[in-house]
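What follows is a short report on a single structure.
The values are calculated or read from the model by the stated rules, or taken from the named source; none is laboratory data. Keep in mind that this is a model prediction, so the values were computed, not measured. Here the Cβ positions follow ideal geometry from the backbone for every residue, glycine too, while neighbour counts run over all protein chains shown.
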Amino acid sequence: MARAYQFLRGYFTVTATGVHVEKCLNLALANRVYLWNVRRLSHGELTFCVSRRGFSMMEEYARKTNTNLAVISREGLPFLWQSTKKRRVFYVSAALSLGIILLSASFIWTVEIEGENPVSEERIVQALSSYGVGVGRFRTSLDFTQISNRLINDFDEILWANVELTGTKLTVTVVPRTPAPAVIPKEMPTNIVAKKDGCITAIIAHNGDAMVKVGDTVVKDQILISGLIPSPSVGSRYLHSMGEITALTWEEKTLEQKLYRYDKIFTENQVMHRELELPFLKIPLDFRQTIDFYNYDSIIKEKHFLFLTYRETICSEYRLQKVPLSVEEAVNEGKNILLTELSEEGITEFVSLSTDYVAIDEETLLVKVLAECEEELGIPREIIKPTEPF
């Protein structure tokens with residue numbers, strides 16, 4: 001950092017000769033003249049680097065000690081500017097080129113779609129264009145959260161979306177929504193089969209033959225309503241089975257639950273990192289870049305202005321506090337986790353729900369949830385007709 005500062009201010013590389021050359025250097029050091037790259041060439045001859053202001057002070061000390069100072073070279077930005085100040089066309093061209101580069105960096109030049117995209121890239125690009133975002137648009141004042149939410153609302157095929165700007169590239173990451181089961185045409189012969197194990201509570205066959213009755217226990221993939229109707233007179237007929245079948249089903253979930261949990265306790269320690277991001281360079285605005293604590297949460301705030309991005313990263317320290325749980329509290333926590341898993345699978349209504357646990361060791365329980373549900377059990381499945389011989 002000191003060398004960079006001296007380059008900006010300009011400095012001399014100097015040779016000092018004389019009988020009392022060490023005394024001359026000692027006077028300079030005593031008066032806080034910064035010297036670097038000090039080397040002895042021979043007895044009574046030294047070479048060193050010194051700033052322009054320091055050199056003017058060194059001349060006085062050289063007269064007092066009868067030392068000769070000779071400038072070998074002049075280095076740094078001021079001397080470089082003096083040597084090239086007549087090249088006005090060069091500097092004007094360089095300034096214009098830099099201005100064009102920086103101005104071009106104020107636009108979005110690339111839109112990249114990532115993830116398993118259920119929507120064509122052309123449709124997403126068209127939607128972004130209707131929001132005022134796209135190739136050739138200014139990248140200032142973009143609300144990425146709002147753009148992501150609009151994509152989710154405008155496309156039923158998208159479950160989650162994230163829009164992020166890096167330099168001049170806009171990256172859109174999408175997660176597809178799980179598609180609904182394909183609708184089988186009525187002209188296609190089908191059976192209705194069980195999607196899981198269960199006990200039949202009601203069955204109404206609108207088209208096809210019912211193969212089970214109320215109270216029967218069925219297994220997954222068992223035929224409930226058949227679309228194959230045998231007839232001795234006209235041969236077998238194939239139908240598109242239709243009907244309503246409800247059944248009691250059972251879901252069992254288990255989870256190892258500790259008799260304690262860790263809570264985050266935030267301290268007052270925070271570290272803020274600020275930086276300016278150019279298209280080709282990141283400039284830190286804080287000299288302190290290290291984080292002295294191990295556990296922390298980060299909050300990132302960004303502001304965009306033309307080609308500049310101002311970013312603040314706030315790191316807040318927390319410590320983990322071990323909180324003991326009673327058996328009842330641990331069982332309830334495990335139960336809530338398991339119910340969340342069932343909810344994610346689409347099971348939210350229960351006929352009955354029971355919870356049990358077994359102690360594995362002094363700190364661990366095995367929590368078990370048994371849920372009894374009543375739900376629609378049948379799903380259609382195509383009947384593959386046998387190939388007739390020639």
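A few remarks follow.
- Count of region 111-143 residues, restricted to those that are closer than 12 Å to THR173 by Cα and either part of a helix (DSSP H, G or I) or of a type outside the set (Val, Ile, Thr) (or both), is 8.
- Residue, modelled with the highest pLDDT, within region 225-241, restricted to residues that are surrounded by fewer than 19 Cβ atoms within 10 Å (Cβ to Cβ) and outside any strand (DSSP E or B): LEU239
- Considering region 319-347, and only residues there that are surrounded by fewer than 10 Cβ atoms within 10 Å (Cβ to Cβ) and more than 31 Å from the chain's Cα centre (by Cα), the residue that is nearest to ILE265 (Cα to Cα) turns out to be SER326.
- When the helices (runs of 4 or more DSSP H) confined to region 1-77 are screened for residues that are modelled with pLDDT of 85 or more and surrounded by 13 or more Cβ atoms within 10 Å (Cβ to Cβ), those reaching at least 3 such residues are found at 21-30, 52-65.
- Of all the criteria given as (1) part of a loop (DSSP other than H, G, I, E, B); (2) of a type in the set (A, V, I, L, M, F, W, C); (3) closer than 30 Å to PRO189 by Cβ, the one not satisfied by ILE379 is (1).
- LEU248, sole failed condition from (1) more than 23 Å from ILE184 (Cβ to Cβ); (2) outside any strand (DSSP E or B); (3) among the aliphatic types (A, V, I, L, M): (2)
- Note on region 249-301: residues that are under 30 Å from LEU339 (Cβ atoms) and more than 26 Å from the chain's Cα centre (by Cα) total 13.
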